[in-house]
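The values are calculated or read from the model by the stated rules, or taken from the named source; none is laboratory data. Here the structure is a predicted model, which means the values were calculated and not measured. Reconstructed Cβ throughout: ideal geometry from the backbone, glycine too, with neighbour counts over all protein chains shown. Protein only, heavy atoms only, side chains kept; ligands, DNA and RNA dropped before computing areas. Shrake-Rupley method; radii C 1.70, N 1.55, O 1.52, S 1.80 Å.
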Amino acid sequence: MADRFELVIFDCDGVLVDSERIAVRVEAEFLAELGWPLTEAEVVERFMGRTAEYMDEAIEAQLGTVLPLDWKDQFQRRYQEAFAAELVPVDGVREVLDQLTTPTCVASSGSHDKLRFTLGHTGLYERFEGRIFSGYEVANGKPAPDLFLHAAARMGAEPARCAVIEDSRPGIEAARAAGMCAFGYAGGLTPPSRLEGEGTVVFTDMRDLPRLLAEGP
């Protein structure tokens, strides 16, 4: 595996921490209260893998001036309360990180504050400290390749020799656009069919990742 890849880039939500199920439930409940009822599947389709800023703009465009002034603060409080009560690492990810010898980093659409909270709460922050990159550091979020190219440059790795572990369609598209090998984790909310495509390995058990990285796409 060391010869195949120089760097393994992990998304955070849904790949390292099992946050997407919690977040989508919170989002669907809160959006309904704001006046925009969406199913959890619709929330996944519209927003999973995107930045909070992208979601905020979509909500404001949909609902306009009817939003309460503190709606963003309310949203964040609900996330934090739910995460504090329920958030755990993705099943099997600790074992995977223990096995990998290739350098790793995190590249997530989330803010650094959110990443510090979710990775810290699950005991994973120390494993990636100093190697965590946020979508807020680049001009264009996923599905643009900016974040993954930024992470590779900071880590001194050639894009063609990077593996990206993602669980969302925008994330997989960003990895492909960056010229990296994509590994689509379908053990969460995104249907496997949404992750499939050229240069992409789709898998459902995180414990299979070391073997899949060794085999390559």
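Which condition does S193 not pass, out of (1) open to solvent by 70 Å² or more (accessible area, probe 1.4 Å); (2) under 25 Å from F47 (Cβ atoms); (3) modelled with pLDDT of 95 or more, if it passes all the others? If we test S193 against (1) open to solvent by 70 Å² or more (accessible area, probe 1.4 Å); (2) under 25 Å from F47 (Cβ atoms); (3) modelled with pLDDT of 95 or more, just (3) comes out false. Looking across E137, E158, one residue alone is among the acidic types (D, E), at pLDDT 95 or above, within 17 Å of T102 (Cβ to Cβ) and surrounded by fewer than 18 Cβ atoms within 10 Å (Cβ to Cβ). It is E158. Whenever a residue of the range 175-195 is touching a residue at least 12 places away in the same chain (Cβ under 8 Å) and among the basic types (K, R), its partners that are assigned to a strand (DSSP E or B) and open to solvent by less than 40 Å² (accessible area, probe 1.4 Å), lying with C-beta atoms within less than 8 angstrom and at least six residues away or across chains, give the pairs R176/A182; R176/T200. Cβ separations smaller than 8 Å between residues 6+ apart or across chains give the following pairs from the range 19-42 residues that are closer than 17 Å to S168 by Cβ and open to solvent by 70 Å² or more (accessible area, probe 1.4 Å) to residues that are part of a loop (DSSP other than H, G, I, E, B) and among the aliphatic types (A, V, I, L, M): R21/L189; E40/L189. Scanning the range 54-77 for residues that are within 22 Å of the chain's Cα centre (by Cα) and of a type in the set (F, W, Y) yields Y54, F75. Quick one: count up the residues across the range 61-72 that are at pLDDT below 90 and either among the β-branched types (V, I, T) or open to solvent by 70 Å² or more (accessible area, probe 1.4 Å) (or both). Selection size over the range 61-72: 4. One residue stands out in the range 83-105 among those that are under 12 Å from D18 (Cα atoms) and in contact with an Asp or Glu (Cβ under 8 Å, 6 or more places away or on another chain): the one that is surrounded by the fewest Cβ atoms within 10 Å (Cβ to Cβ), namely D91.
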